[in-house]
Amino acid sequence: MNEPETRATPPALTLYYSPKACSLASHIALEASGLAYRAVSVDIRAGQNRQAAYLKIHPGGIVPALEAGGEVITESQAILTYVADLAPESELIPRPGTRARARAHEWMNWISSTLHVRYRSIFRPQTYAGESAAAADAVREHARLKLADALIEIEARLGQQPYALDTQFSVVDAYLFVFYLWSHDERIATELPQRPRYQALAARLFERPAVRTVLARERAVRAYDLPPEFSIAIPE
Ligand SMILES: N[C@@H](CCC(=O)N[C@@H](CS)C(=O)NCC(=O)O)C(=O)O
């Protein structure tokens with residue numbers, strides 16, 4: 001377990017995902033890595049994540065989970081980093097010990113702890129508000145404002161470079177892609193700030209074969225909507 005693993009000695013990999021959930025990032029990373037893996041859908045909307053079979057894999061009933069060599073790894077940032085490190089020639093994350101690597105973790109940690117939380121507060125305010133409907137409304141309303149701030153921050157952080165980490169596509173882009181899709185969810189119900197850099201990034205990612213393969217696979221399980229600018233080109 002403590003020896004570094006590489007593509008030469010990869011463990012058997014199984015990703016548990018739900019269509020259009022945050023697990024989409026791990027799904028794209030695995031596809032982009034070129035590693036052999038199995039993808040198993042655990043549809044949250046159908047409640048499959050709360051069934052005994054899945055709770056044996058992840059007692060919290062959360063996706064993503066990655067089974068790797070008999071162990072289960074959870075948390076998107078951990079899975080994304082592990083998958084990228086397993087296939088170093090895919091250059092999905094900068095090498096350890098570099099500032100670029102620190103930037104990758106800076107992005108991923110912010111996405112997990114801030115960006116994702118804002119969406120969750122809108123989509124499932126009861127996570128933070130408990131049973132009270134009034135508290136849920138307050139959480140949702142506040143999160144809408146905070147989501148707008150986060151999108152403005154993403155625009156600023158993206159700068160002029162083609163990808164989140166400058167010129168190299170990475171797992172950070174896969175992670176950002178998920179939340180670009182989520183920014184088109186009708187439950188947000190308020191106008192969000194313009195996000196041209198984020199949109200350009202998402203359009204660039206949408207052209208990548210790994211992204212298209214994964215979207216087609218997930219949408220065959222549950223045909224989720226894509227932002228209007230993407231819907232035409234997706235192969236069914
Ligand atoms: N911090 C976790 C969050 C994972 C998470 O929130 N997963 C959601 C889907 S996006 C989930 O499985 N929700 C099911 C539930 O809460 O019942 C990560 O980044 O992997």
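A few remarks follow.
- Long-range HN-HN contacts of Leu13 with modeled amide H, under 5 Å: Arg38
- Share of carbon and sulfur in the accessible heavy-atom surface of region 149-209 [1.4 Å probe, %]: 48 percent
- With all protein chains kept in place, the per residue accessible area of region 99-208 amounts to 49 square angstrom at a probe of 1.4 angstrom.
- Kyte-Doolittle mean at least -1.0, axial Cα span of 18 Å or more - DSSP H helices of the chain: 133-158, 209-221
- Summing +1 for each Lys or Arg and -1 for each Asp or Glu among the other residues whose beta-carbon sits under 14 angstrom from that of Val139 gives +4.
- Volume per residue of the C-alpha convex hull in the chain, rounded to whole Å³: 130 Å³
- In the chain, helical runs assigned H by DSSP with n ≥ 4 each contribute -39500 (n - 2.57); averaged across all residues and rounded to the nearest 500, the mean residue ellipticity at 222 nm is -15000 deg cm²/dmol.
- Along the chain, the exposed loop sites are trypsin sites (Lys or Arg not before Pro) outside DSSP states H, G, I, E and B with at most 16 other Cβ atoms within 10 Å, and the longest stretch free of them is 46-221.
- Estimated dipole of the chain in Debye, rounded to 20 [Cβ of Lys and Arg +1, of Asp and Glu -1, Cα centre]: 160 debye
- The antiparallel fraction among DSSP beta bridges confined to the chain stands at about 70%.
- Working note: Cα gyration tensor of region 99-208, eigenvalues times five, square-rooted, sorted largest first, giving semi-axes of 27, 15, 11 Å.
- Counted by Cβ distance under 13 Å from Arg157, the other residues give a net charge of -3, where Lys and Arg count +1 and Asp and Glu count -1.
- Charge tally around Glu106: other residues with Cβ under 14 Å, Lys/Arg +1 each, Asp/Glu -1 each, net +2.
The values are calculated or read from the model by the stated rules, or taken from the named source; none is laboratory data. Bear in mind that the values here come from a model prediction, so they are computed numbers and not experimental data. Cβ sites come from the backbone with ideal geometry, for glycine too, and all protein chains shown count toward neighbours. Just the protein is used for accessible areas: all its heavy atoms, side chains included, with ligands, DNA and RNA removed. Shrake-Rupley method; radii C 1.70, N 1.55, O 1.52, S 1.80 Å.
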